[in-house]
Amino acid sequence: MSRLLNLLLRRSHSLRRTLMLFYAVVVLLVAGAFSALAYLSHQSSLETHASKVLWENSQRIAQTFEDYLGKLDVMLAVAYPEGLPAVAELGEVPARDELVQRLKQATMLFPPPYDRVFYGNQRGQAVGLTQHEDGNTEMFMRLDVETRSSYQLLGGLQGRWQLTDNERLPNDVRTRPWYKVGRESPNLTWTPPYLSFSGQELVVARVRGVADGSGRIGGVLGAEISLKAMDDFTRAQRISEHGLAFVMEANGAMIAANDQESITTGVFRRYAQDYPVYGIRQVYKALAGQSGIASLMPGEARAFGMRLDGAPYQVYVQVLHVGHGLNWLVVTAAPLSDFAGEMNLHLLMLAVGLALVLIGALLLSWRIAAWITRDVSTLSAAVRQLGEGGVNIDFTVERRDEIGQLGDALHQMHAALNNDPLTGLCSRVGLTRNLERAIARQGASFSLLFIDLNGFKAINDTYGHDAGDQALIEVAERLRLAVRQGDLVARLSGDEFVVVLWRVDSDAVAAQVAENIRRALQPRLQRLRPFAGEQPVQVGAALGTALYPRDGEDLESLLRTADQAMYADKSASKAQR
């Protein structure tokens, strides 16, 4: 930064312009750095906001699915409490009636779609209950694999069953997916999604094997739920304008999605990698390329970014936590641009604020530069006048910093060069500069009076040099009062003084002023009372006059002429005494 300032100072002839340029560069650098940080922060905030929205939607879908599926466990616990042996023969009326009663209670725990609970044994016998949305409860029963009997419940929970159909419909429940999975596990487990018995919808079942008296699996208990309810719920989720939400198995088989496409085509399931929605296909492809997704445990989640046709997307995936046998992934994804509207508004407000700050900073820097350079310009002009021989240089710098100190030093230097330190009169240097400037002007005229004090040596010898200094100070004061305000009074050295009468080119006028000076010096010196007491002490003066340009056209000639006249006056005074 110091190198930059030095470079600007070397190349510029204006300190104010240099400071303004330097301030502008600094402000722009700071603004650039702040803008870069703001942009990075905006991007990070955008990703964080998108991840939060995706997480919230994913959690809502996962929680809803887990609630849907979790209720099946309650239904199974009511339908077949732990410890009850398998019903090996549904033809036995008491055991069958007890089982049917429990199944009926289970179906009435929750409204549809929690409406199907069933039991099948090793003989291929089965009984199942379905509660319809209109409130009717239907039961099917197979006492053999060839015949299916249908009943309708009349009179609520304690009502009676009425046979509605008894048809020959060969079907062995032991070939159904729910039975095959359940007979392999005495514990609750999930089946993969499969087509319902009617073949009209995709369902998933929660099943467990029921042990007989010998401890072997003698039957299978299950509760079924349609995926349509979960698909409908997911379809209603709106994450953002282009947001995606879908649920699938680990192999890509679709469970639900928030689009208008069906998750099946006839009796065949659709897979994410071949799904009609382009975004879902691409997100699945990105998921397949993410390490660690396959090893996620139930309840765990992962967020990552991807690009879809060049646009940045945020993806959130989590595994449902619903027990053994079900490995479903809830996936939400959306382009960051969907969330940029509000964030861009914040960024725009930040940019406007930054622009106002920049304008304010530049205006402030302009004021500061003006304040600094104003006094620097004043000092520069004073130094230039001083270098050109100026004597009456008037400047004021009211500051306490380094520039103020420089002004004080310049005042002191100006005084030392042009003023006599004892009397405050103009010094020999100041006299020389003033006369040179006057001579340099065309048409100038003035009179020069050379004054030499009489009796000053006796004062020094009698009362000492301190008394002599006081005598010189009082003489200087009287000389100032004896001439006009604009005339110049100078002390050459010792007891020699010079008075310059500007615009006076007459011997008579000069002689009259000389007489005024003699009369002004006649009274006793008041400053010598501390030294001489009441003893009156006086000084006299011998004066010589020279007129410019008559008696000389340079300082040395004028001083020589006046000095000669002064000695003539001194000699005449001695002759008179």
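Being in contact with a helix residue (DSSP H, G or I) (Cβ under 9 Å, 6 or more places away or on another chain) and more than 23 Å from residue 419 (Cα to Cα), is that true of even one residue in the stretch 487-504?
yes
Given the condition surrounded by 16 or more Cβ atoms within 10 Å (Cβ to Cβ) and assigned to a strand (DSSP E or B), answer yes or no: does some residue in the stretch 174-184 qualify?
No; the residues of the stretch 174-184 include none that is surrounded by 16 or more Cβ atoms within 10 Å (Cβ to Cβ) and assigned to a strand (DSSP E or B).
Kindly provide the set of residues from the stretch 128-152 that are under 19 Å from residue 97 (Cα atoms), hydrophobic (A, V, I, L, M, F, W, C) and in a loop (DSSP other than H, G, I, E, B), ordered by number.
Of everything in the stretch 128-152, just one residue is under 19 Å from residue 97 (Cα atoms), hydrophobic (A, V, I, L, M, F, W, C) and in a loop (DSSP other than H, G, I, E, B), namely 143.
Could you list all residues from the stretch 37-61 that are among the hydrophobic types (A, V, I, L, M, F, W, C) and at pLDDT 90 or above?
Listed by number, the residues that qualify are 53, 54, 55, 61.
Only one of these is within 30 Å of residue 58 (Cα to Cα), at pLDDT 75 or above and crowded, with 16+ Cβ neighbours inside 10 Å: 358, 320, 347. Name it.
Result of the check over 358, 320, 347: 320.
Before we move on, is residue 547 within 21 Å of residue 438 (Cβ to Cβ) and either surrounded by 15 or more Cβ atoms within 10 Å (Cβ to Cβ) or not assigned by TED's automatic domain parsing to the domain that holds residue 444 (or both)? Spell out the reasoning first.
Numbers: within 21 Å of residue 438 (Cβ to Cβ): yes; either surrounded by 15 or more Cβ atoms within 10 Å (Cβ to Cβ) or not assigned by TED's automatic domain parsing to the domain that holds residue 444 (or both): yes.
For residue 547, the condition - within 21 Å of residue 438 (Cβ to Cβ) and either surrounded by 15 or more Cβ atoms within 10 Å (Cβ to Cβ) or not assigned by TED's automatic domain parsing to the domain that holds residue 444 (or both) - is met.
Filter the stretch 550-577 down to the residues that are among the small types (Gly, Ala, Ser) and modelled with pLDDT under 90, then identify the one that is surrounded by the most Cβ atoms within 10 Å (Cβ to Cβ).
573
Determine which member of the set 335, 312 is closer than 25 Å to residue 64 by Cβ, of a type outside the set (A, V, I, L, M) and modelled with pLDDT of 90 or more.
Unique residue meeting the criteria: 335.
Against the conditions (1) surrounded by 17 or more Cβ atoms within 10 Å (Cβ to Cβ); (2) free of Cβ contacts under 8 Å to residues at least 40 places away in the same chain, where does residue 246 fall short? Just the number, please.
Every listed condition holds for residue 246 apart from (2).
So, residue 282, is that one touching a residue at least 12 places away in the same chain (Cβ under 8 Å) and surrounded by fewer than 16 Cβ atoms within 10 Å (Cβ to Cβ) or not?
Spelling it out, it is not the case that residue 282 is touching a residue at least 12 places away in the same chain (Cβ under 8 Å) and surrounded by fewer than 16 Cβ atoms within 10 Å (Cβ to Cβ).
Is it true that residue 435 is at pLDDT below 95 and not in a strand (DSSP E or B)?
Spelling it out, residue 435 is indeed at pLDDT below 95 and not in a strand (DSSP E or B).
Tell me whether the stretch 164-171 contains one or more residues that are in contact (Cβ under 8 Å) with a residue 60 or more places away in the chain, part of a loop (DSSP other than H, G, I, E, B) and either surrounded by fewer than 17 Cβ atoms within 10 Å (Cβ to Cβ) or touching a Cys at 6+ places or on another chain (Cβ under 9 Å) (or both). Write out each step before concluding.
As a first pass, look at the stretch 164-171 and keep what is in contact (Cβ under 8 Å) with a residue 60 or more places away in the chain: none.
So far as the stretch 164-171 goes, no, none of its residues is in contact (Cβ under 8 Å) with a residue 60 or more places away in the chain, part of a loop (DSSP other than H, G, I, E, B) and either surrounded by fewer than 17 Cβ atoms within 10 Å (Cβ to Cβ) or touching a Cys at 6+ places or on another chain (Cβ under 9 Å) (or both).
Which ones in the stretch 197-208 are at pLDDT 85 or above and of a type in the set (S, T, N, Q)?
If the condition is that a residue be at pLDDT 85 or above and of a type in the set (S, T, N, Q), then no residue fits.
Of the residues that sit in the stretch 60-94 and are in a helix (DSSP H, G or I) and without any contact (Cβ under 8 Å) to a residue 24 or more places away in the chain, which one is nearest to the chain's Cα centre (by Cα)?
Of the residues in the stretch 60-94, the ones in a helix (DSSP H, G or I) are 60-79, 93-94.
Next, only the ones that are without any contact (Cβ under 8 Å) to a residue 24 or more places away in the chain stay: 63, 67, 77, 93-94.
Values: 63: 37, 67: 43, 77: 58, 93: 79, 94: 78 Å.
Among those residues, the one meeting the criterion is 63.
So that you can scan it fast, the table gives a plain yes or no per residue for (1) modelled with pLDDT of 90 or more; (2) buried (at least 22 other Cβ atoms within 10 Å of the Cβ); (3) within 26 Å of residue 218 (Cβ to Cβ):
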position	(1), (2), (3)
96	no, no, yes
102	yes, no, yes
111	no, no, no
118	yes, yes, yes
124	yes, no, yes
127	yes, yes, yes
131	no, yes, no
135	no, no, no
144	no, no, yes
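The values are calculated or read from the model by the stated rules, or taken from the named source; none is laboratory data. All values reported here derive from a predicted model rather than from experimental measurement. A quick note on method: Cβ atoms are made from the backbone with ideal geometry, for glycine too, and the neighbour counts reach across all protein chains shown.
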